[in-house]
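Here is the structure we will look at, set down as structure tokens.
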């Protein structure tokens, strides 16, 4: 019997008992989750990894922010040249 489901990539997971809770840690990503039982910790870790794969927080203000410099949006390369070289680059003059 063949299965249509893809096998997940191989990963190392560490499962420890700490402070009254089971802690599951994905050694590849460093992500950890806790649970009252081993299965709860592993399920929480699975859910976290699945949710983190390619997830982008649409409420992150980074996505809505307009690029702004001291004088407003502009080409800053001339200012950078002035700062680094004390003058504009020769091809900009």
**Residues residue 60 and residue 28, FRET efficiency given R0 of 35 Å [Cβ-Cβ distance, rounded to 0.05]** = 0.90
**Request:** Normalise the Debye intensity by I(0) for the range 13-52, one equal point scatterer per Cα, no solvent, then take log10 at q = 0.26, 0.27, 0.31 Å⁻¹ and round to two decimals.
**Result:** -0.76, -0.81, -1.01
**Request:** Find the relative contact order for the range 13-52 and round it to a whole percent, using C-alpha pairs within less than 8 Å whose residues are 6+ positions apart.
**Result:** 30 percent
**Asked** Among 28, 60, 46, which comes first, second and so on when ranked by fewest other beta-carbon atoms within 10 Å?
**Response** 60, 28, 46
**Asked** Each label point is 7 Å from the Cα along the Cα-to-Cβ direction; what then is the distance between the points at residue 13 and residue 83, in nm?
**Response** 4.7 nm
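Since every read-out is calculated from the coordinates, none of them should be taken as a lab result. Remember, predicted model here, so these are calculated numbers, not experimental data. All Cβ positions, even for glycine, are placed from backbone atoms using ideal geometry, and neighbour counts span all protein chains on display.
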